[in-house]
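A.B. asks: Structure in structure tokens, see below.
The values are calculated or read from the model by the stated rules, or taken from the named source; none is laboratory data. Quick caveat, the model's predicted, so the values are computed rather than measured. Every residue, glycine as well, gets a Cβ built from its backbone with ideal geometry; the counts of neighbours run over all protein chains shown. Just the protein is used for accessible areas: all its heavy atoms, side chains included, with ligands, DNA and RNA removed. Shrake-Rupley method; radii C 1.70, N 1.55, O 1.52, S 1.80 Å.
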Amino acid sequence: MSIETLTLKVYGMTCQGCESSVHNALKELSGVQDVEVNRLLEQAVVTYDDELLDKVQIINAVEDAGFSTT
């Protein structure tokens, strides 16, 4: 088990509901230990086990929830 932390810029969050959508999408991923989402800072900080999950999967989860990371 190797715990990593990834800080992502997340664009398009305009309300608490958006923040919750990103948070929930990330918490559903197997291997995620902790998630902090802040729409005012436009970021998500994800702590995860990199043996179960990789950065691409995390980015895809955010984008699948309807938000941009680039």
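A.B. asks: Only Cα pairs under 8 Å and at least 6 apart count here; give the relative contact order of the chain as a rounded whole percent.
C.D. replies: 43 percent
A.B. asks: Once you have the Cα-Cα distance between THR14 and GLN33, take 0.36 nm times their residue separation minus that, and quote the gain in nm to one decimal.
C.D. replies: Answer, rounded to one decimal: 4.3 nm.
A.B. asks: Got a number for carbon plus sulfur as a percent of the chain's accessible area, 1.4 Å probe?
C.D. replies: Looking at the chain in its full context, I get 46 percent from C and S.
A.B. asks: For GLU42 and GLN57 in one chain, what is 0.36 nm times their gap in residues minus the Cα-Cα distance, to one decimal in nm?
C.D. replies: Length gained, GLU42 through GLN57: 3.5 nm.
A.B. asks: Just want the answer: with Cβ charges of +1 for Lys and Arg and -1 for Asp and Glu, which residue in VAL10, ALA25, VAL35 is farthest toward the dipole's positive end in the range 1-42?
C.D. replies: Of the listed residues, the answer is VAL10.
A.B. asks: Using 1/(1 + (r/R0)^6) with R0 = 30 angstrom and r between the beta carbons of THR69 and ILE3, what's the FRET efficiency to the nearest 0.05?
C.D. replies: On the way: r = 21 Å, r/R0 = 0.70.
Calculated value: 0.90.
A.B. asks: Here is a further query. For the chain, report the accessible area per residue in Å² (1.4 Å probe, heavy atoms, rounded to an integer).
C.D. replies: Per residue, the chain has an accessible area of 58 Å².
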